[in-house]
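Structure, as structure tokens:
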Amino acid sequence: MNISIVLFEPDIPQNTGSMIRLAACMGVALHIIEPCGFLLDSKALSRVAMDYGSEATIVRHLSWQHFIEYKQSHASSRLLVFSTRAHETYTEFAFQPGDMILLGRESAGVPDYVVQAADGFLRIPLAAGTRSLNVAQAASMALGEALRQTNLFPGSKGQQG
């Protein structure tokens, strides 16, 4: 069971397209919780995802409630919410196969009800005076650390498939 990325109501198609490419290249699923701030078939999304859209495993959820129902049917999956409001740093957290890395909306982050559903609430440490990373950059860092810890990088000895 591999790590997956979860986008909560993304606002910017270019970031989502970049994460589609990331998911395809790293062999992980990308879950998109709607509503989105753009059409999922928009030209900007296709342009950034390039030809990786057909290579990626994309799971769309019509709402937060639909996603929660999906997660409950996959009980071994932990939901790990990334936020600048969190106290625990992601490099000090022990990732496990099956973890779901959730990133919030570019414009508003994650609401409290999403944080309350989390099994882990994590942050990426930033330099003093800075607010936040681009969500696609944060996803790359979080996924990279999770895959490193679990030895699930594509082509690594621990990778299944």
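The values are calculated or read from the model by the stated rules, or taken from the named source; none is laboratory data. Worth saying up front: this structure is predicted, and the values here are computed from it rather than measured. Cβ atoms come from the backbone with ideal geometry, glycine included; neighbour counts cover every protein chain shown. Remember, those area values only see protein heavy atoms, side chains included, never the ligands or the DNA or RNA. Shrake-Rupley method; radii C 1.70, N 1.55, O 1.52, S 1.80 Å.
Miscellaneous remarks
- For the stretch 86-100, the candidate set comprises residues that are outside any strand (DSSP E or B) and among the aliphatic types (A, V, I, L, M); within that set, the residue that is surrounded by the most Cβ atoms within 10 Å (Cβ to Cβ) is Ala86.
- Of all residues making up the stretch 66-103, the number that are of a type in the set (A, V, I, L, M) and within 13 Å of the chain's Cα centre (by Cα): 7
- Some residue of the stretch 24-32 being open to solvent by less than 10 Å² (accessible area, probe 1.4 Å), of a type in the set (A, V, I, L, M, F, W, C) and within 13 Å of Ser140 (Cα to Cα): yes
- Those residues of the stretch 5-43 which are within 12 Å of Val135 (Cβ to Cβ), part of a helix (DSSP H, G or I) and in contact with an Asp or Glu (Cβ under 9 Å, 6 or more places away or on another chain), in sequence order: Asn15
- Within the option set Ser77, Ser46, being among the polar types (S, T, N, Q) and part of a loop (DSSP other than H, G, I, E, B) holds for one residue only, Ser77.
- Taken across the stretch 138-159, residues that are within 18 Å of Ser18 (Cβ to Cβ), touching a Leu at 6+ places or on another chain (Cβ under 9 Å) and either basic (Lys, Arg) or modelled with pLDDT under 95 (or both) do occur, with at least one present.
- A Cβ distance below 6 Å, combined with a sequence gap of six or more or placement on separate chains, defines the contacts here; from the stretch 104-121, residues that are more than 16 Å from Thr16 (Cα to Cα) reach no residue that is open to solvent by 60 Å² or more (accessible area, probe 1.4 Å) and of a type outside the set (Ser, Thr, Tyr).
- Single unsatisfied condition, Phe153 versus (1) touching a residue at least 60 places away in the same chain (Cβ under 8 Å); (2) crowded, with 17+ Cβ neighbours inside 10 Å: (2)
- Residue among Leu79, Leu62, Leu45 that alone is at pLDDT 95 or above and touching a helix residue (DSSP H, G or I) at 6+ places or on another chain (Cβ under 8 Å): Leu79
- Comparison of Arg105, Arg47, Arg60 shows that the only residue that is among the basic types (Lys, Arg), under 17 Å from Val135 (Cβ atoms) and out of contact with any Ser or Thr (no Cβ under 9 Å at 6 or more places or on another chain) is Arg105.
- Applying the condition of being of a type in the set (Asp, Glu) and assigned to a loop (DSSP other than H, G, I, E, B) to the stretch 101-127 and asking which residue is most open to solvent (accessible area, probe 1.4 Å) yields Asp119.
- Remark: pairs (first residue in the stretch 70-92, more than 27 Å from Leu133 (Cα to Cα); second residue in a loop (DSSP other than H, G, I, E, B); Cβ separation under 7 Å; 6+ apart in sequence or on different chains) = Ser76/Met1; Ser76/Gly98.
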